[in-house]
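Derivation of every value follows stated rules applied to the coordinates shown; laboratory data play no part. These numbers were taken from a predicted model, which means no experiment stands behind them. A quick note on method: Cβ atoms are made from the backbone with ideal geometry, for glycine too, and the neighbour counts reach across all protein chains shown.
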Amino acid sequence: MQEIDKNRRPKEPVLIVEDREENRALLQGILNQLKIESKVAENGQIGLEKADSEKFSVFIVDLMMPVMDGNAFIKALKVKDPEAIILVQTALDNTETVIDIMKLGVYDYIIKPIDPEFFSRIISKALEYKYLRDIEKHIQKMESHKLRSQLEWLNYKESIRKSGSDSHEKNSIENLKTSLSQGSGFGAMTSIVDMIQATASKNPDGTQNIDSEILDLLFENSEITKNMLKSLGYVSELLDSDIIMTKTEGSTLVGKIPEFTKEINSYLKSKNIKINFPKLSTSCNVNVDIDKIGMAIEELVINAFKYCNENSSIDIFAHINNGYLIISVKNEVKNDSYGGIDESKEKYVIQPFYRIHPPVESVNKIERFGLGLGLTIVDHILGKHNGLFFIHNAKDHTTKTMTLCVLSEIFLPVQ
């Protein structure tokens, strides 16, 4: 039985509302094996009393109970907490019964007798759903703060513009110098040439003997260098191209996110990464150049993949907040000096060629924008849409163990 990832598990316990002692023991036993904390209530009335005094992640409810049955409990609980996540136990497996159960607003149902493996999968999905929903609420609170700081952000960019082109150009040149000297590509090419000069031996006929491994490195970095130059040309074309806006349903745009990010799919297994895609439940319209916004979202997901922890997830959220359609990309990072984006550097990472961390070359073949230009282009695209772009650290307190994350957010004005 596979244990659920502790880092993606709500900190609140599960409540089992069940009158039969043997069924309570069975469910608690399975949850204990999965290392999921749980509590029990013998009937619906006791369950409501417990829900009044304590928060629970998921409710597992039997329909047939004395004092207050499951149906009455669910209706009362939904009045107190409309978003409560409920799993219903039932011995009846027919279409009419299932429809009646789902009309109660429950997350899913479990057929008795309980199959441990099936139950483990259902509770895993329910807890994952609860976790993602809690994260989305947490993100919305942070977004309100970011919107309040919008004027400060715009003033900062204006001050950079007015401070004189010399200082801005000098910073860009220094950032470019750093980008070129880091990692593979231009920086490595000069080192490899030095190695060839130091180790090659000259034959009497004038030919040179060069170590094959060094030569392979030269060829590899030549390809990376070509990609970098290609990227610069692509950026130049993009900056010169027009933004062609079309009125688009928000859910249509959100529904295209898997298509925008499909190039990263073949790389996910290398770090055992899963992407959770969003659905937009609220209707809205936005004026967007879908291709350009798609490029921005692709860049954010590739960036998240490059720096996220192994064996984790990239979570994408979409919702309406304060007149914006907001698409957020969240990834876990190491909680050390190497992980994340320090608050003092949030405004700098969108500058051309600026890098906080050394480049990650594993996705070089699918990166459109190298040399530290990716976030610069995202900000450019959002600016053309009269939107906003933020990237910053976020501490995930929704689980028992705090996790450091990076949150990339694009704000598109709702029409």
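Remarks
- Segment 99-105 - phi-based ³J(HN,Hα) in whole Hz, Karplus 6.51/-1.76/1.60, Gly and Pro as x: 4, 4, 5, 5, 5, 6, x
- Under a 5 Å amide H cut-off, with hydrogens placed 1.01 Å from N, Ile16 pairs with Lys39, Val40, Ala41, Ile60 among residues at least 5 apart or on other chains.
- Karplus-derived 3J(HN,Hα) values for segment 25-38, using 6.51 cos²θ - 1.76 cosθ + 1.60 with θ = phi - 60°, are 5, 4, 5, 5, x, 5, 5, 4, 4, 7, 6, 10, 5, 9 Hz; glycine and proline are entered as x.
- Dipole magnitude of segment 6-135, debye to nearest 20 (Cβ charges: Lys/Arg +1, Asp/Glu -1, about Cα centre): 600
- Rounded if a/c under 1.5, otherwise prolate or oblate - segment 6-135, Cα gyration tensor axes: rounded
- Other-chain or far-sequence residues with amide H under 5 Å of Ile110's (modelled H): Val88, Gln89, Thr90
- Amide proton proximity set for Asp289, modelled H, under 5 Å, gap of 5+: Thr246
- Cα shape, segment 243-413, gyration tensor, a/c 1.5 rule: rounded
- Of Lys125/Lys334; Lys35/Lys365; Lys112/Lys137, pairs whose Cα-Cα distance is over 32 Å: Lys35/Lys365; Lys112/Lys137
- When you filter the trypsin sites (Lys or Arg not before Pro) in segment 384-415 for DSSP loop state and at most 14 other Cβ atoms inside 10 Å of their Cβ, you are left with Lys400.
- Separation of alpha-carbon centers, segment 73-111 and segment 7-27, rounded to whole Å: 16
- Couplings 3J(HN,Hα) of segment 121-138, computed from phi: 5, 5, 5, 4, 5, 5, 5, 5, 4, 4, 4, 5, 5, 5, 4, 4, 5, 5 Hz, in residue order, whole Hz [Karplus 6.51 cos²θ - 1.76 cosθ + 1.60, θ = phi - 60°; x for Gly and Pro].
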